[in-house]
Each structure stands twice: as C-alpha cells, then as structure tokens.
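**Student:** Here it is, the structure in full.
The values are calculated or read from the model by the stated rules, or taken from the named source; none is laboratory data. The structure presented is a predicted model; accordingly, all values stated were derived computationally and were not measured. Glycine also receives a Cβ, built like all others from the backbone with ideal geometry; neighbour counts cover every protein chain displayed.
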Amino acid sequence: MYYPILRGKLNELLALRELASLSIDKKFCPVIEPVKGTFAPLFRTIRELNDKEITPLILMNPTVGDLAGNSLCVINEFKKEQGIRFIPAIAVKNTLEEVDNLINEFQDAEYALFLLDGLSTTTLEYSQKAHLTFISSTTAPNLINRLSNVVLYDSFFKKQKRNADYPDESPFSSLHSYYKDIKNVIGFGDYTILSDEYSENGGPAYVVTIHMTYINADKFDEAFVRHYSSENDSDTPANPGKKFIEALEKFIIEKESKEISFVETSGSDQFQKIYDSEHFPGLGQVKKLSIMHHIETINDYLLSK
C-alpha cells in the first residue's frame with residue numbers, strides 16, 4: 001500500500017478529492033497533516049475519501065502550519081465532526097507524554113505512530129501496539145525486525161531554492177519496487193513532488209517549473225522526476241501565465257515524443273487540456289495536477305505488479 005503524505009492546504013486537498021473520484025483501483029491511502037485553522041475543507045475531503053472506501057490517516061498533533069503544537073484544537077474539532085472515518089496518527093518527535101495523552105483520547109480506536117526521529121527503546125512499546133508505524137526508509141533492518149506493520153517513508157523530492165536551479169531530471173526513489181522484500185514492511189510513503197519542508201506560500205514566480213514523475217523500466221523501475229521550466233530570462237515575477245505555458249509546452253512536446261514513459265493519468269490529461277485551451281489556471285492548480293500525476297503513477301505501478 002502507498003501512503004502519500006500531504007499537508008491540509010487547499011490544492012493538496014483538492015488533489016485528493018479528484019483522485020478519490022477516479023474510476024481506478026486505489027492502492028493508496030493518504031496521510032494528511034492539518035495545517036489550517038479552517039477545518040471545513042479537510043472534513044469535506046475526508047467525507048469524499050470515505051465515500052470511495054478510503055479511510056485516511058490524520059496527524060492529530062501537527063508539527064507545522066497554523067496548528068503546530070495545538071493538538072487539543074485538532075482533537076476537539078474532530079470530536080465535534082460526526083460521521084467521518086479516519087485513523088488518528090501521532091507524530092513522535094520529543095516528548096512521549098503527548099503520545100500518552102493522544103492515545104488516551106482515542107482509547108478504542110486504532111492509531112498509527114509517525115516517527116520523526118527514528119526508533120528508540122522508549123517508543124518501541126508504543127509502536128508494537130500501533131496499527132501502523134511510519135519510520136524512515138533509512139532505518140536499520142535490525143530495528144525494523146522489532147516492529148510490525150511498518151510503513152517506510154522519506155522526503156525524496158530534491159527541492160531547489162529557486163525554480164531556475166532544477167535540472168532536467170532528478171532521481172526520486174525505488175522504494176515502491178522493493179518495500180515488500182523487507183520483513184515486517186507492509187507499505188511505503190513519500191511527500192509526492194513536494195518535500196517535507198513546509199512553506200505557507202510559494203515565492204514569486206521568476207521561473208515556473210512543472211514537476212512530472214515517471215518510472216524508468218530500464219533502470220529497475222526507479223522513479224524519476226522531470227522538471228520543465230520556463231526560460232530563465234526574466235528578473236521579474238510578472239506574467240506567470242506566459243511562463244507557465246512555456247514550461248507546459250516543454251512537457252507536452254516530450255510527452256508526445258514518447259521518449260519518456262509517462263503513464264497516462266488524469267493529471268497529465270488535464271495538463272493537455274490546459275495546453276490545448278491556452279489557459280493559465282494558477283500556480284496552485286499546477287501543483288495540484290503534478291501531485292495527482294505522481295500519486296496516479298505510483299498507483300499504476302502497484303496495480304501492474
């Protein structure tokens with residue numbers, strides 16, 4: 001099972017809603033970290049996922065965004081919301097007292113542990129009782145052997161300080177191709193074409209870049225990300241629509257050439273429609289479609305195995 005890790009920002013939630021509506025077998029289950037004080041869009045997303053028999057994991061103690069360090073607010077909002085299904089996930093970084101408190105809040109529910117700083121002797125007992133334990137993919141095998149129902153995850157996207165700094169292609173991960181070979185591991189996760197580094201809003205778009213994932217069968221099914229950037233000839237963030245079309249045209253030309261084995265996805269299809277209509281949907285929508293394409297690409301790979 002694939003566990004894409006997303007923050008509860010609007011375009012990430014919209015990506016999950018659209019993915020839930022697709023008529024495909026779904027080998028993914030999202031992990032959502034609430035980051036906004038307005039919960040209505042998150043609850044709507046959970047309901048739409050539930051309607052398609054997906055029960056997401058929700059981090060009850062966010063570590064970033066407006067809700068960082070305010071698990072009480074998150075718990076209270078979720079207790080007030082009736083008729084939604086979710087698995088509470090608990091981020092473990094410093095104190096285990098908070099873990100105790102959160103587990104007690106959901107005494108009769110399955111819970112997941114999301115280990116941010118690896119496994120220690122003090123967290124081992126909690127992880128042995130958890131429904132799932134998320135832990136870094138770099139964890140030593142002898143530690144993984146002490147756990148059950150492990151999900152290996154990491155931030156694989158190689159984020160650059162400036163869009164102009166992206167190369168044509170970056171390696172992403174091979175975890176999807178071998179996670180089943182590791183004892184006690186039942187799933188894997190990543191932060192899609194985002195990184196675990198959180199930012200409230202993107203900076204000014206001096207260069208617009210579109211990130212598109214593909215799996216290279218000639219390199220033992222490793223995933224890579226292609227980066228399509230507008231021309232770096234501007235010292236102003238003006239006219240992002242023109243820059244977007246420049247970047248999009250590069251993707252469309254390469255996709256149609258078949259030189260890169262992109263999976264046909266709803267995300268890539270929507271990019272094609274935008275290109276045909278010469279319409280600029282806004283940079284948030286661009287991120288949404290790239291996230292969708294990434295998750296669909298990994299999902300397609302799992303369906304083929």
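**Student:** Which one of the conditions (1) of a type outside the set (Asp, Glu); (2) assigned to a helix (DSSP H, G or I); (3) over 24 Å from Leu6 (Cα atoms); (4) modelled with pLDDT under 95 does Ile253 fail to meet, given that it meets all the rest?
**Tutor:** The number of the failed condition is (4).
**Student:** In region 108-118, how many residues are over 14 Å from Phe86 (Cα atoms) and more than 24 Å from the chain's Cα centre (by Cα)?
**Tutor:** 0
**Student:** Another question, then. Can you tell me which of (1) in contact with a His (Cβ under 8 Å, 6 or more places away or on another chain); (2) of a type outside the set (Val, Ile, Thr); (3) crowded, with 18+ Cβ neighbours inside 10 Å is the one Asp221 doesn't meet?
**Tutor:** Here Asp221 meets the rest and fails (3).
**Student:** Applying the selection to region 274-295, what residues are surrounded by fewer than 23 Cβ atoms within 10 Å (Cβ to Cβ), over 19 Å from Asn163 (Cα atoms) and either in contact with a strand residue (DSSP E or B) (Cβ under 7 Å, 6 or more places away or on another chain) or small (Gly, Ala, Ser) (or both)?
**Tutor:** Of everything in region 274-295, just one residue is surrounded by fewer than 23 Cβ atoms within 10 Å (Cβ to Cβ), over 19 Å from Asn163 (Cα atoms) and either in contact with a strand residue (DSSP E or B) (Cβ under 7 Å, 6 or more places away or on another chain) or small (Gly, Ala, Ser) (or both), namely Ser277.
**Student:** For the condition under 23 Å from the mean Cα position of the chain (by Cα) and either without any contact (Cβ under 8 Å) to a residue 24 or more places away in the chain or over 25 Å from Ile32 (Cα atoms) (or both), what is the one hit in Tyr214, Tyr198, Tyr166?
**Tutor:** Among Tyr214, Tyr198, Tyr166, only Tyr166 is under 23 Å from the mean Cα position of the chain (by Cα) and either without any contact (Cβ under 8 Å) to a residue 24 or more places away in the chain or over 25 Å from Ile32 (Cα atoms) (or both).
**Student:** Here is a further query. Restrict the check to region 15-33 and report whether at least one residue is closer than 19 Å to Ser155 by Cα and in a loop (DSSP other than H, G, I, E, B).
**Tutor:** Checked against the condition, which is being closer than 19 Å to Ser155 by Cα and in a loop (DSSP other than H, G, I, E, B), region 15-33 yields at least one hit.
**Student:** Please state which one of Ser127, Ser155, Ser136, Ser120 is more than 23 Å from Lys305 (Cα to Cα), in contact with a Gly (Cβ under 8 Å, 6 or more places away or on another chain) and small (Gly, Ala, Ser).
**Tutor:** Ser136
**Student:** Also: So which residues in region 233-248 are loosely packed, with under 14 Cβ neighbours inside 10 Å and either modelled with pLDDT of 95 or more or among the hydrophobic types (A, V, I, L, M, F, W, C) (or both), if there are any at all?
**Tutor:** Hit for region 233-248 is Ala238, nothing else.
**Student:** Follow-up. Which members of region 260-276 meet the condition of being of a type in the set (D, E, K, R) and in a helix (DSSP H, G or I)?
**Tutor:** Asp269, Lys273, Asp276
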